[in-house]
Amino acid sequence: MSWNPTMAPVPCHDSVDAALAEATWKYFLNPAAQNLQQLVAPDFASPPREMLRAAVMIQGAHAAIDDESTIVARAIANSGHAVACRTGCCACCKQAVLANPFEAALIGIYLNNNPEQREEFVRAYARWNVETGGMRDDFLAWAERRYRDNADDGKYHYSDFHPDCPFLLDGLCRIYPVRPYACRSYLALSEECANPTTPGSRPGFQGMDVGSYTHYKKNYQPFLQSLWMRCGIDPKAVRNRFMPELVTIFLNEDVEGLLKFCHSEGRRIENPAC
């Protein structure tokens with residue numbers, strides 16, 4: 001089994017970037033302490049440079065979860081069950097999708113490398129922004145209370161937020177190669193996901209996170225912590241935001257704007273380059 005970071009959706013041409021991206025992939029294959037240490041071993045550059053580096057590194061994590069998803073899907077098929085996901089099904093593209101800043105930066109770099117897709121997103125985001133602007137922040141605050149604190153005041157249901165993702169075009173994801181973990185880890189076993197028999201319910205969305213059934217999600221947190229460290233960011237200070245919002249910050253304000261967002265409500269943590 002191998003993975004070549006120079007052939008990734010956003011190719012790693014810098015030797016340090018390529019080595020770190022490959023080390024990321026290898027860490028998920030063997031999450032030993034020494035492999036995790038490889039992700040923070042080189043001297044840190046400036047925070048903007050490290051944010052861009054973290055973006056390409058995360059492709060190694062993507063490659064790992066893709067490998068695991070293939071293995072899980074094969075095991076499901078061998079057990080006599082069917083995976084409901086298929087090309088053209090976009091049920092999971094009509095919900096609240098969050099991403100971390102590194103995933104958003106990767107998507108932003110990918111769009112900058114593909115101007116036509118960037119223009120499509122800018123137009124679609126304008127529509128999405130109008131459609132969701134009246135409830136977006138309030139819904140996210142409810143979701144945080146509901147799923148983080150287990151406190152539900154009944155104001156919303158999860159299915160109340162269901163706009164088309166601004167990256168969805170003609171039933172296909174325009175950023176499929178660099179889609180975030182929230183999208184990448186879905187594996188539906190029920191047609192109820194796309195065609196619920198009870199209006200307003202999304203039963204097919206339950207238990208779809210592949211990373212929860214392998215060691216991936218457990219190993220992802222130390223990896224993510226290494227990226228926060230590289231960029232000098234306190235993750236506790238970073239507010240949750242919808243994926244399209246973070247990508248737009250990157251496109252409009254570049255990596256410096258995304259870093260500013262990350263620091264906007266908190267303190268910086270030690271970065272040797274600061």
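The values are calculated or read from the model by the stated rules, or taken from the named source; none is laboratory data. Computed from a predicted model, the values in this text were never measured in an experiment. For neighbour counting, all protein chains shown are included, and Cβ atoms are generated from backbone atoms with ideal geometry for every residue, glycine included.
Listing for the model above:
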| item | result |
| --- | --- |
| Residues that are of a type outside the set (A, V, I, L, M, F, W, C) and either assigned to a helix (DSSP H, G or I) or in contact with a strand residue (DSSP E or B) (Cβ under 9 Å, 6 or more places away or on another chain) (or both), drawn from segment 1-28 | P5, T6, S15, D17, E22, T24, K26, Y27 |
| Of all residues making up segment 135-189, the number that are outside any helix (DSSP H, G or I) and of a type in the set (S, T, N, Q) | 2 |
| Selection status of D66, under 19 Å from the mean Cα position of the chain (by Cα) and at pLDDT below 95 | yes |
| Residue within segment 13-30 that is surrounded by 15 or more Cβ atoms within 10 Å (Cβ to Cβ), of a type outside the set (S, T, N, Q), closer than 19 Å to M243 by Cβ and touching a residue at least 60 places away in the same chain (Cβ under 8 Å) present | no |
| Residue list for segment 87-132, filter: among the β-branched types (V, I, T), surrounded by 15 or more Cβ atoms within 10 Å (Cβ to Cβ) and in a loop (DSSP other than H, G, I, E, B) | V97 |
| Per-region count, segment 1-24, residues hydroxyl-bearing (S, T, Y) and within 22 Å of I71 (Cβ to Cβ) | 2 |
| Criterion (over 15 Å from the mean Cα position of the chain (by Cα) and surrounded by 17 or more Cβ atoms within 10 Å (Cβ to Cβ)) met by exactly one of A55, A84, A61, A75 | A84 |
| Test: residue in segment 227-235 that is modelled with pLDDT of 85 or more, farther than 30 Å from E116 by Cβ and either touching a strand residue (DSSP E or B) at 6+ places or on another chain (Cβ under 6 Å) or in a strand (DSSP E or B) (or both) | yes |
| Of all residues making up segment 246-274, the number that are assigned to a loop (DSSP other than H, G, I, E, B) and either at pLDDT 50 or above or not basic (K, R) (or both) | 9 |
| Subset of segment 113-135 that is at pLDDT below 95 and among the small types (G, A, S) - its residue that is farthest from E245 (Cα to Cα) | G134 |
| Residue selected from segment 193-216 under the condition touching a Ser or Thr at 6+ places or on another chain (Cβ under 8 Å) and at pLDDT below 75, by the criterion nearest to C89 (Cα to Cα) | G204 |
| Residue within segment 165-179 that is crowded, with 17+ Cβ neighbours inside 10 Å, without any contact (Cβ under 8 Å) to a residue 60 or more places away in the chain and out of contact with any strand residue (DSSP E or B) (no Cβ under 9 Å at 6 or more places or on another chain) present | no |
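Residues checked against (1) touching a strand residue (DSSP E or B) at 6+ places or on another chain (Cβ under 9 Å); (2) without any contact (Cβ under 8 Å) to a residue 12 or more places away in the chain; (3) not in a loop (DSSP other than H, G, I, E, B):
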residue: A41; (1), (2), (3): no, yes, no
residue: Q59; (1), (2), (3): no, no, yes
residue: A64; (1), (2), (3): no, no, yes
residue: T70; (1), (2), (3): no, yes, yes
residue: A75; (1), (2), (3): no, yes, yes
residue: H81; (1), (2), (3): no, no, no
